Amino acid sequence: MIAVVGGKGGKGSAGFRREKFVPKGGPDGGDGGRGGSVYVVGVDGLSDLGHMRYRRLFEGEGGVDGGSGKRYGKAGKDILVETPVGTVVWEVTQEGENRLMGEVLGAGERVLVAEGGAGGRGNVKFASSTNKVPYLAEVGDEGEGRDLYLEHWPLVDIALVSLPNAGKSQLLQAFSNAIPMVTEYPFSTKDYVLGVVEVEWTAFTAMEVPSLCDGAHEGRGLGNDFLTSVMRAKLLLYLIDGLSLDPLADLAILREEIRLYDDALAQRSWAIVVTKNDLPEVQERMAELQRLLGDHGEFCCMVSGLTGAGVDELKANLARMLESLPPGPRRQDIPPPIKRIRVQETRPQVMRLDDVFVVDSPRAARLVAGSDLRVFRARLQLRRELDKMGVLQALRDAGVKSGDAVRIGNVELEWE
């Protein structure tokens, strides 16, 4: 999980023109620059999210303060969180739930995850027919902050799924260019392994994933680490050990674990491969295995990863199946984007903490923090602006009296 924070907006300027022969020039303070935003971007050449293991915070650059001469502050630089193509971005809410924010399915695709804060207004924006010499300015908005959970769903055509010791690694080595670790003991595969399968003039990608076990959808074994990696596979290839005492039960376990994890994933096209048909005891029961499993899935092939028997037939069947499936990865149903606009704030709220009246109004807090209240005229103008916002009436309704302490944002004032 990582944290992303948009840069803070720059402070507006409260400057005035200083020109020869113009002793009382008008306001010319410019607005502060917008803070830099944070984007998740897809990058070719990355195969996983391991490069982010030691970095947990990504923060946009703050906007530059505005200047005199109506100079607007420079916007802060955006930050790009580089991820492999196929990454899915989730926001971790305060309730601990994951909300889908977006996904990157191509190199250069971006997902905005934390927008930088708007720059504060300079005193030019406060000039009016009744206030020709404004002393007020605003500080910039804080940037958005979120906790994110990133998942990599590799873009693959076929995923090999099996119970332990069914021969996935040996089969992947036999029909692709992958070089997985082949052992005689179960659970030797700790992470997914990708390979490219060539059939005449076409090619497709195949992925071996760690073995499933009963309860994998709840996190047993490698659990979700495996199940997450097959989310984009177009075709699921279930491998059944030819020596299994109950091949139908094995198939049922695999199908049920996939369904319990994600029902939509269980609806993907799928096929069956019976392995180890080079063994005499498996060859003796090939007719029985074909009878039990032949009517399940799109097809059922008998293969041997050791001798290569049946591998060419399997590759041809897979190529034919993939031609009939829609091209490209499936996009997730992403909720409508959050409208990031500065909305009109509701009526200010006031609550009393001990002897201090605390005003809840972000707009008022920005204005108080950005203005030089050592200047008497600035304090007068601030009072008029607070009256327009409804802050003064809210304080009166709360029972404020002359001499009471009033806190607006981080600034504490004495009520007059």
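What follows is calculated from the coordinates using simple rules that are stated; it is not laboratory data. Small disclaimer: the values here were computed from a predicted structure and weren't measured. Here the Cβ positions follow ideal geometry from the backbone for every residue, glycine too, while neighbour counts run over all protein chains shown.
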Next on the checklist: Averaging over every viewing direction, what projected area does the convex hull of the Cα atoms of the range 11-108 cover, in nm²?
Outcome noted: 9.7 nm²
Item to check | Cα-only Debye scattering, the chain: base-10 log of I(q)/I(0) at q = 0.09 Å⁻¹ | outcome: -0.70
Checklist entry - In the structure displayed, which of Lys125/Lys401; Lys20/Lys74; Lys168/Lys234; Lys74/Lys388 lie more than 26 Å apart, Cα to Cα? => result Lys125/Lys401; Lys20/Lys74; Lys74/Lys388
Item to check | Nonlocal amide H pairs with Ala114, under 5 Å, H built at 1.01 Å | outcome: Val38
Checklist outcome for this item: When the chain is treated as a Gaussian network with springs between alpha carbons less than 10 Å apart, the largest mean-square fluctuation among Leu172, Leu325, Leu293 is found at Leu325
Item to check | Debye intensity ratio in log₁₀ form over the Cα atoms of the range 347-416, taken at each q of 0.11, 0.27 Å⁻¹ | outcome: -0.22, -1.45
Checklist entry - Residues in the range 132-174 near a label at Leu243, defined as backbone nitrogen under 18 Å from the 7 Å Cα→Cβ point? => result 162-172
Checklist entry - Counting only residues 5 or more places away or on other chains, whose amide H sits under 5 Å from the amide H of Met101 once H atoms are built in the peptide plane? => result Val89, Trp90, Glu91
Checklist entry - So what is the orientation-averaged projected area of the range 93-182, using the convex hull of its C-alpha atoms, in nm²? => result 12.1 nm²
Checklist entry - If one takes the longest principal axis of the Cα atoms in the chain, at what angle in degrees, from 0 to 90 and to the nearest 10, does the Cα axis of helix 247-261 lie? => result 10 degrees
Next on the checklist: On a straight-distance basis, which aspartates and glutamates could pair with Lys276 in a cross-link, Cα separation under 18 angstrom, same-chain partners fewer than 8 positions away excluded?
Outcome noted: Glu184, Glu208, Asp241, Asp246, Asp250, Glu284, Glu288, Asp312, Glu313
Item to check | Cut-off 11 Å between beta-carbons: net charge of the residues surrounding Gly73, Lys and Arg +1, Asp and Glu -1 | outcome: +2
Checklist outcome for this item: For the range 275-289, in residue order, the Karplus 3J(HN,Hα) values (coefficients 6.51, -1.76, 1.60; θ = phi - 60°; whole Hz; Gly and Pro = x) are 9, 6, 7, 7, 7, x, 5, 6, 4, 5, 10, 4, 5, 5, 5
